[in-house]
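> Take a look at this one; I'll ask things after.
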Amino acid sequence: MLDLPFNAELAEGTLGRDRFQFYLAQDARYLIGFGRALSVAAAKAPDPSALAFFAGAAREAVLVERALHESYFERFGLGEADLAAIETSPTCLGYTSYLLAVAQTEGYAELIAALLPCFWIYHDVGTAILERQRRTGASDNPYQAWIDTYADDDFAASVRTCIAEVDKAAELADEHTVARMSAAFTRACEYEWMFWDSAYRMESWPTTHLRG
């Protein structure tokens with residue numbers, strides 16, 4: 001993940017604004033689907049603490065992280081019309097559709113395993129970039145607010161809680177369910193990789209020219 005051009009250039013502060021804008025537009029749409037899947041996890045949660053965590057995470061995804069996006073949209077001078085002109089990418093649609101499909105067709109254990117990579121990977125990436133900045137003394141990164149959000153201690157606490165909930169579900173699950181959890185986790189990790197890769201390429205639909 002860290003070696004992807006998008007993250008490497010983001011860490012250096014050299015990522016093109018057009019690529020970051022494209023990413024933000026896709027991520028804002030992703031977070032709506034992610035928030036809905038988190039809400040389903042809350043509804044399926046086996047105990048009050050898990051319910052509270054996933055319900056709170058859904059709220060954070062929709063309100064707090066979207067606020068980060070909107071601050072960049074304002075800084076870049078992007079209005080609603082500008083954002084609407086950026087079409088949802090195949091990868092963004094695929095990832096959100098996958099999470100919502102798991103939410104509707106799988107159990108609680110498989111769902112939270114599929115949701116975990118978004119927490120864990122973003123924290124790992126944000127933390128690794130921040131540690132690199134501290135070692136090199138780098139400053140004035142235009143994407144510092146993004147980096148700080150995911151390297152934040154409060155976000156780290158959420159990651160630990162989500163990992164603990166997934167581990168707890170795995171301990172209570174049978175072998176078949178654990179295998180399905182592993183498959184869901186792996187697929188979501190693959191989608192995380194694809195999401196950043198597609199943002200760097202500013203992925204479009206290859207069939208656009210065939211539309212009537």
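> Taking springs between alpha-carbon atoms closer than 10 angstrom, which of Ala113, Ala138, Ala42 fluctuates most in the Gaussian network model of the chain?
So, out of Ala113, Ala138, Ala42, the one fluctuating most is Ala138.
> So how much slack lies between Ser139 and Leu172, counting 0.36 nm per residue of separation and subtracting their Cα-Cα distance, in nm? Don't skip to the end; give the middle numbers.
Numbers: separation 33, 0.36 × 33 = 11.88 nm, distance 4.62 nm.
Full extension of this stretch gives 7.3 nm more.
> Right, another one. Out of the total accessible area of the stretch 70-212 (probe 1.4 Å, heavy atoms of protein only), what percent is carbon and sulfur? Write out the running numbers ahead of the final one.
Details: 4110 of 7640 Å².
C and S fraction of accessible area: 54 percent.
> Could I ask something else about it? Any chance you could get the radius of gyration and Dmax over the Cα atoms of the chain, in Å?
For the chain, the Cα radius of gyration and maximum Cα-Cα distance read 17.5, 54 Å.
> So, one more: Applying the Karplus parametrisation 6.51 cos²θ - 1.76 cosθ + 1.60 with θ = phi - 60° to the phi angles of the stretch 159-164, what ³J(HN,Hα) value in whole Hz is obtained for each residue in order, glycine and proline being reported as x?
Per residue, the Karplus-derived 3J(HN,Hα) values read 4, 4, 5, 5, 4, 5 Hz.
> Which one, Ala81, Ala50, His69, projects farthest toward the positive side of the charge dipole computed for the stretch 11-146 from Cβ point charges (K/R +1, D/E -1)?
The one lying farthest along the dipole's positive direction is Ala50.
> Just how far, in whole angstrom, is the stretch 84-111 from the stretch 1-18 if you go by their alpha carbon centroids?
A separation of 25 Å, based on Cα centres.
> To the nearest 20 debye, what charge dipole does the chain have about its Cα centre, counting +1 at the Cβ of each Lys and Arg and -1 at the Cβ of each Asp and Glu? Please list the in-between numbers first.
Working: 17 positive and 31 negative charges, 68 e Å.
Once rounded to the nearest 20, the dipole reads 320 debye.
> Taking only the Cα atoms of the stretch 54-94, how large is their convex hull per residue, in Å³?
Details: hull volume 3.4 nm³, N = 41.
With only Cα atoms used, the stretch 54-94 gives 84 Å³ per residue.
> Using the alpha-carbon atoms, what tilt in degrees (0 to 90, nearest 10) does helix 175-201 show relative to the longest principal axis of the chain?
That helix lies at roughly 10 degrees to the long axis.
> Given +1 on the Cβ of Lys and Arg, -1 on the Cβ of Asp and Glu, and no further charges, what dipole in debye does the stretch 37-109 carry about its Cα centre, rounded to the nearest 20?
Approximately 200 debye in magnitude.
> A further question on this structure: Quick one: net charge of Ala138's neighbours, Cβ under 14 Å, K/R +1, D/E -1?
On the way: positive: Arg132, Arg134, Arg135; negative: Glu9, Glu12, Glu131, Asp140, Asp148.
Residues near Ala138 contribute -2 overall.
> I've got another one for you. Could you work out [θ]222 nm for the chain from helices alone, using -39500 (n - 2.57) per DSSP H run of at least four and dividing by all its residues? Round to the nearest 500 deg cm²/dmol. Walk me through the numbers before you get to the answer.
Values: 10 runs with 164 residues, N = 212.
Rounded to the nearest 500, it is -26000 deg cm²/dmol.
> Something else now. For Cα pairs less than 8 Å apart in space and 6+ apart in sequence, what is the mean separation divided by the residue count of the chain, i.e. the relative contact order in percent? Don't skip to the answer; put the middle values down first.
Numbers: 212 pairs, mean separation 67.8, N = 212.
RCO, the chain: 32 percent.
> Mind pulling the angle between the C-alpha long axis of helix 48-59 and the longest principal axis of the chain? Nearest 10 degrees, somewhere in 0 to 90.
Between the helix axis and the principal axis of the chain, the angle is about 20 degrees.
> Follow-up question, since we're still on this one. How big is the charge dipole of the stretch 155-209 about its Cα centre, in debye rounded to the nearest 20, if each Lys and Arg gets +1 on its Cβ and each Asp and Glu gets -1 on its Cβ? Spell out each step's value before the answer.
Working: 5 positive and 9 negative charges, 31 e Å.
My answer is approximately 140 debye.
> Now, a different point. Per residue, how many Å² of accessible area does the stretch 122-212 show with a 1.4 Å probe? Walk me through the intermediate numbers first.
On the way: 5410 Å² over 91 residues.
Result: 59 Å² of accessible area for each residue.
> Identify, among Phe34, Leu99, Tyr150, the residue whose Cα sits farthest towards the positive end of the charge dipole of the stretch 20-166, taking +1 on the Cβ of Lys and Arg and -1 on the Cβ of Asp and Glu, with the dipole about the Cα centre.
Selected residue: Leu99.
> Quote the accessible area belonging to Leu172 in square angstrom, nearest 10, computed with a 1.4 Å probe and with ligands, DNA and RNA left uncounted.
Probe radius 1.4 Å; accessible area of Leu172 about 150 Å².
> If one takes the longest principal axis of the Cα atoms in the chain, at what angle in degrees, from 0 to 90 and to the nearest 10, does the Cα axis of helix 108-136 lie?
Orientation of helix 108-136: about 40 degrees from the principal axis.
> May I ask for the Kirkwood hydrodynamic radius of the stretch 1-104, worked out over all distinct Cα pairs and given in angstroms to one decimal?
Details: mean 1/r = 0.0661 Å⁻¹.
It works out to 15.1 Å.
The values are calculated or read from the model by the stated rules, or taken from the named source; none is laboratory data. The structure presented is a predicted model; accordingly, all values stated were derived computationally and were not measured. Cβ atoms come from the backbone with ideal geometry, glycine included; neighbour counts cover every protein chain shown. Quick note on the areas: whole protein, heavy atoms, side chains included, nothing else; ligands and nucleic acids left out. Shrake-Rupley method; radii C 1.70, N 1.55, O 1.52, S 1.80 Å.
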